[in-house]
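What follows is a set of notes on a single structure, which appears directly below.
The values are calculated or read from the model by the stated rules, or taken from the named source; none is laboratory data. Note that the structure is a prediction, hence the values are computed from the model and not measured. Here the Cβ positions follow ideal geometry from the backbone for every residue, glycine too, while neighbour counts run over all protein chains shown. Ligands, DNA and RNA are stripped out before the accessible areas are found, and what is left, the full protein with its side chains, is counted by its heavy atoms. Shrake-Rupley method; radii C 1.70, N 1.55, O 1.52, S 1.80 Å.
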Amino acid sequence: MNPLPEDMENMLMGSQSSHASVHDVHSINPTQLMARIESYEGREKKGISDVRRTFCLFVTFDLLFVTSLWIIELNVNGGIENTLEKEVVQYDYYSSYFDIFLLAVFRFKVLILAYAVCRLRHWWDIALTTAVTSAFLLAKVILSKLFSQGAFGYVLPIISFILAWIETWFLNFKVLPQEAEEENRLLIVQDASERVALIPGGLSDGSENEAEEKQDSEKPPLGL
């Protein structure tokens, strides 16, 4: 028995590879494919993903929670009017909590503008807010006299620090990776739909069988 010529072997391998690729494309269910495309396009039309919306809600919660703690601190230390005048009008870096509230406002404005309005997909802005928050709070804790002013001297700086780092973790490990994965899936589905549309005869079972039979008939006979 003589071995097959090299050209004949290459022809057989190419034919089998082509047959497999055609079968894979035809095996795609057009109904499921279109439903998946419409699903992804519907998410894109929302303008903002569910996970990004959750992140924005958490940023809003950060502002409201710190504001609530600061208002409670104002009431505890002699009433809102008197303490507000003391902390805002007569602001003192070493004893006032007003700057911690402003820090929460700063985080809220920057993050909402970057990730809700502009819909950015990088971590630069969250890195900026977290770095500024961490540096300011560490300096204030070291230099100020907050710890001598009761429980709020501990609670407000610690809560602000923790919330800022939770926002960083949530964006880097939840929002950005999940959105990138969704975008990759959409590209894959769109690419598959384009390849299917280029195949003549549609996606019917009869067309698939005809294509397979045609390729089988075109296979060169094996020589001995």
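For segment 107-142, name all the residues that are open to solvent by less than 20 Å² (accessible area, probe 1.4 Å), without any contact (Cβ under 8 Å) to a residue 60 or more places away in the chain and not polar (S, T, N, Q).
Step one: of segment 107-142, the residues open to solvent by less than 20 Å² (accessible area, probe 1.4 Å) are 107, 111, 114-115, 126, 129-130, 133-134, 137, 140.
Filter once more, keeping what is without any contact (Cβ under 8 Å) to a residue 60 or more places away in the chain: 111, 114, 126, 129-130, 133-134, 137, 140.
Scanning segment 107-142 gives L111, A114, I126, L137, K140.
Among the candidates F161, F173, single out the residue that is exposed (fewer than 15 other Cβ atoms within 10 Å of the Cβ) and within 30 Å of S49 (Cα to Cα).
Details: F161 fails: exposed (fewer than 15 other Cβ atoms within 10 Å of the Cβ).
Only one candidate passes the filter, namely F173.
Do we find a residue being open to solvent by less than 30 Å² (accessible area, probe 1.4 Å), at pLDDT 90 or above, part of a helix (DSSP H, G or I) and not charged (D, E, K, R) anywhere in segment 46-54? Step through it out loud before you land on a result.
We begin by selecting, within segment 46-54, every residue open to solvent by less than 30 Å² (accessible area, probe 1.4 Å); these are 47, 51-52.
Within this subset, residues satisfying the condition of being at pLDDT 90 or above are 51-52.
Remaining after also requiring part of a helix (DSSP H, G or I): 51-52.
Narrowing the set further to residues that are not charged (D, E, K, R) leaves 51.
Yes: segment 46-54 contains one or more residues that are open to solvent by less than 30 Å² (accessible area, probe 1.4 Å), at pLDDT 90 or above, part of a helix (DSSP H, G or I) and not charged (D, E, K, R).
Limited to segment 80-106, what total is found for residues that are in contact (Cβ under 8 Å) with a residue 24 or more places away in the chain and in a helix (DSSP H, G or I)?
At the first step, the residues of segment 80-106 found to be in contact (Cβ under 8 Å) with a residue 24 or more places away in the chain are 93-95, 97-101, 103-106.
With in a helix (DSSP H, G or I) added as a condition, the list becomes 98-101, 103-106.
Result for segment 80-106: 8.
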